[in-house]
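Let me begin by presenting the structure, written as structure tokens, before commenting on it.
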Amino acid sequence: MNKVYVLDTNVLLHDASSIERFGQHTVAIPLVVLDEIDKFKGRQDAVGGNAREATRILDGLRGQGSLLDGVETPGGGTVKVVVDGLSAASDLPEGLDKSRVDNQILRVCLGLKGSTLDVTLITKDINMRLRADALGIRAENYLEHKAYHVPHDEAYAGIVDVTVSEGDLQTFYKEHARGLPAGELVPNQFVHLLTASGKGSAIGQVSAGREQLLLVNTESTHVWGIRPRNLRQTLALQLLLDPAIALVTLTGRAGTGKTLLTLAAGLDLVLEDRRYKKMLVSRPITAFGKEIGYLPGGKDEKMTPWMAAIYDNLELLMSGKSGSGSKKGNGNMAFIQKSDIFEVEALTYIRGRSIPNQYMIVDEAQNLTPHEVKTIISRVGEGTKLVLTGDVSQIDNPFLDELTNGLTYAIERLKGSSMVGHLTLDKGERSPLAELAASRL
């Protein structure tokens, strides 16, 4: 039987091409959804871009026939706009406000279901799925961008444990390289070599061409006045300071040092090594409910509340560096904020830019959609290093989860490239109380 998928507004705003992603089945778009999309098309962000793109796709299909009757898609399916016919079969229970958009969409589903069609509502709204279920309507999340091939607790962490003999371990230390252990290893992945007795260990890193495993020097060193506090922090710096790795993704719960390490490496690479001409820092703002335009002042003033965590870490780094011997005059926040080597940018304005020769940080990237992450990465110009950091267990975007957010999507889709490195930090170092809260609350 031909299936009918009814799309909620949030699906089109999340992925405009979802219209054409249901194979040979029918995609039904309630008329009220088009009205809702129209309210978003003026926004200058990913949501607005998807609203405009969805409108263009539908207009292109309209040129091939009547959307009311249904138009065939390139994949062999059909797209049609459905008007609520106000039939008895599609009536809602007493007490539900029929003027609400969500309830009008549910009524369309009931009407189609009453026509003996196999109907499924596709929505990213959890509460909408609950209400649909209560009305006997099958409802599913839109999971086109889901990193579905592994459970979250088995997701790629950037490091794996491998047991070897003591003789193999000694040879590895002597030759600084060895063949790859068995398993699906990817470029730049770390391998923790352990003996069965537990008396020895070593860290190797898969070479860019996957020819061999290279010995990693795990002796922690100071980077902009700070020293890594655990093994994974040391390995994170290895990725951050490697000029051959253009994209680094760091995940981990609160307090593991993601932001601090990323900023420390950035200051070192920009001010000390002069490898990049400036450091550009941003983080999502829409996930917390307000657009940047509601705040007073210019761009920097508007971004200040969202960038407080960044400034806190910079203050710590600069206060610790101010007394060092290198570039003493640069060791204060006032210099950083007034100089042209540090820029705060709103992701709202990233589209259309080309960003060459910069060290770019996007913090809290777990609150971005896959489309937004794609837009950001595609802005990276020649000579730029991009770092995405986030905690996938703390997602504020109501339409994303641990498997469908843009950070997880990027990690899973881009692993295997020689220019990409990832690591999950697993030990909190902010304070004993912060670690207790992160692990138990």
query = In region 333-353, what residues are part of a loop (DSSP other than H, G, I, E, B) and either touching a Ser or Thr at 6+ places or on another chain (Cβ under 7 Å) or modelled with pLDDT of 85 or more (or both)?
reply = ILE341, GLU345, ALA346, ILE350, ARG351
request  = Residue by residue through region 406-435, note down the ones that are modelled with pLDDT under 90 and of a type outside the set (D, E, K, R).
outcome  = GLY428, SER431, PRO432, LEU433, ALA434
note = Flagged in region 354-375 as of a type in the set (Ser, Thr, Tyr), outside any helix (DSSP H, G or I) and closer than 24 Å to GLU402 by Cβ, in numbering order, are THR369
message = All but one of (1) outside any helix (DSSP H, G or I); (2) modelled with pLDDT under 80; (3) surrounded by 13 or more Cβ atoms within 10 Å (Cβ to Cβ) hold for GLY320; state the number of the condition that does not hold.
response = (1)
task = Take THR195 and decide whether it is surrounded by 16 or more Cβ atoms within 10 Å (Cβ to Cβ) and within 30 Å of LEU400 (Cβ to Cβ).
result = no
request  = For region 194-286, please list each of the strands (runs of 3 or more DSSP E) lying entirely inside it that holds at least 1 residues being under 26 Å from ASN367 (Cβ atoms) and either basic (Lys, Arg) or touching a residue at least 60 places away in the same chain (Cβ under 8 Å) (or both).
outcome  = 247-251, 278-282
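Residue by residue, here is whether (1) at pLDDT below 95; (2) of a type outside the set (Lys, Arg) holds:
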{"residue": "HIS176", "(1), (2)": "no, yes"}
{"residue": "GLU184", "(1), (2)": "yes, yes"}
{"residue": "GLN212", "(1), (2)": "no, yes"}
{"residue": "HIS222", "(1), (2)": "yes, yes"}
{"residue": "LEU235", "(1), (2)": "no, yes"}
{"residue": "ARG253", "(1), (2)": "yes, no"}
{"residue": "GLY257", "(1), (2)": "yes, yes"}
{"residue": "LEU267", "(1), (2)": "yes, yes"}
inquiry  = Any residue at all in region 155-171 that's part of a helix (DSSP H, G or I), within 18 Å of THR424 (Cα to Cα) and small (Gly, Ala, Ser)?
reply    = no
key: Matching residues in region 392-434 - criterion: being surrounded by fewer than 20 Cβ atoms within 10 Å (Cβ to Cβ) and closer than 22 Å to LEU260 by Cβ   = SER393, GLN394, ASP396, ASP426, LYS427, GLU429, ARG430, SER431, PRO432, LEU433, ALA434
request  = Would you check which residues across region 173-185 are farther than 9 Å from LEU213 by Cα and surrounded by fewer than 17 Cβ atoms within 10 Å (Cβ to Cβ) and list them?
outcome  = TYR173, LYS174, GLU175, ALA182, GLY183, GLU184
note = LEU110: passes all of (1) more than 28 Å from ASN397 (Cα to Cα); (2) surrounded by fewer than 16 Cβ atoms within 10 Å (Cβ to Cβ) but (2)
ask   = Got at least one residue in region 39-54 being over 24 Å from GLU372 (Cβ atoms) and surrounded by fewer than 19 Cβ atoms within 10 Å (Cβ to Cβ)?
value = no
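The values are calculated or read from the model by the stated rules, or taken from the named source; none is laboratory data. Model, not experiment: these values are computed from the prediction. Virtual Cβ from ideal backbone geometry, glycine too; neighbours counted across all protein chains shown.
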